[in-house]
1. For VAL114, are the conditions met, namely being surrounded by fewer than 16 Cβ atoms within 10 Å (Cβ to Cβ), more than 20 Å from HIS54 (Cα to Cα) and among the hydrophobic types (A, V, I, L, M, F, W, C)?
2. Being open to solvent by less than 80 Å² (accessible area, probe 1.4 Å) and either acidic (Asp, Glu) or under 23 Å from LYS52 (Cα atoms) (or both) is the filter here; which residues of the stretch 99-111 pass it?
3. Please go through the stretch 60-91 and give me each residue that is among the charged types (D, E, K, R) and either surrounded by 15 or more Cβ atoms within 10 Å (Cβ to Cβ) or modelled with pLDDT under 95 (or both), ordered by number.
4. Taking the stated definitions as given, is VAL105 of a type in the set (A, V, I, L, M, F, W, C) and not in a helix (DSSP H, G or I)?
5. Just to verify a result, which residue in the stretch 72-100, among those that are of a type in the set (Gly, Ala, Ser) and assigned to a strand (DSSP E or B), is nearest to SER62 (Cα to Cα)?
Amino acid sequence: MDSLLEFFIANAAAQDAAPDGTTGGLSALLFPIALIVVFYFLLIRPQQKKQKEHRQMVEALSAGDEIVTGGGILGKVTDVGEQFLTIEIADRVSVKVQRHTVATVLPKGTVKSV
């Protein structure tokens, strides 16, 4: 009975080992590391770059710029504060929005042509 048990244990140990005698520990670590590297370059890095560009655009806003907010409001910046912008969306109609809601800065004259 003991020899039969030893036979199955030896078989299981042989199946777990790689052909060169190692247990495959390096290859088991290589896949998750490669996956993390791929995620970094395909997902994380482009998102960080986009956030940096948006931050620079928002910091560069000044009175007279024509913008579109994330909610789709089109207007001309009339006053710039630290956290808020005042946007003229029609004649004598102004709204105050947070700076980070600005989605796009438009070329001059776009508001009048719409």
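1. In short, yes.
2. ARG99, THR101, VAL102, ALA103, THR104, VAL105, LEU106
3. ASP65, GLU66, LYS76, GLU82, GLU88, ASP91
4. yes
5. It comes out as GLY75.
Residue-by-condition table, conditions (1) among the polar types (S, T, N, Q); (2) under 27 Å from SER113 (Cα atoms); (3) in contact with a Gly (Cβ under 9 Å, 6 or more places away or on another chain):
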{"position": "PHE39", "(1), (2), (3)": "no, no, no"}
{"position": "GLN47", "(1), (2), (3)": "yes, no, no"}
{"position": "ARG55", "(1), (2), (3)": "no, no, no"}
{"position": "LEU61", "(1), (2), (3)": "no, yes, no"}
{"position": "LYS76", "(1), (2), (3)": "no, yes, yes"}
{"position": "PHE84", "(1), (2), (3)": "no, yes, no"}
{"position": "ILE87", "(1), (2), (3)": "no, yes, yes"}
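Yes or no, residue by residue, for (1) touching a residue at least 24 places away in the same chain (Cβ under 8 Å); (2) over 20 Å from HIS100 (Cβ atoms); (3) polar (S, T, N, Q):
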residue	(1), (2), (3)
ALA34	no, yes, no
VAL38	no, yes, no
GLU53	no, no, no
VAL80	no, no, no
LEU85	yes, no, no
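The values are calculated or read from the model by the stated rules, or taken from the named source; none is laboratory data. Please read these numbers as outputs of a predicted model, since none were measured by experiment. Neighbour counts are summed over all protein chains in view; Cβ atoms, including those assigned to glycine, are modelled from backbone coordinates with ideal geometry. Areas reflect the complete protein model, heavy atoms only, side chains present, ligands, DNA and RNA absent. Shrake-Rupley method; radii C 1.70, N 1.55, O 1.52, S 1.80 Å.
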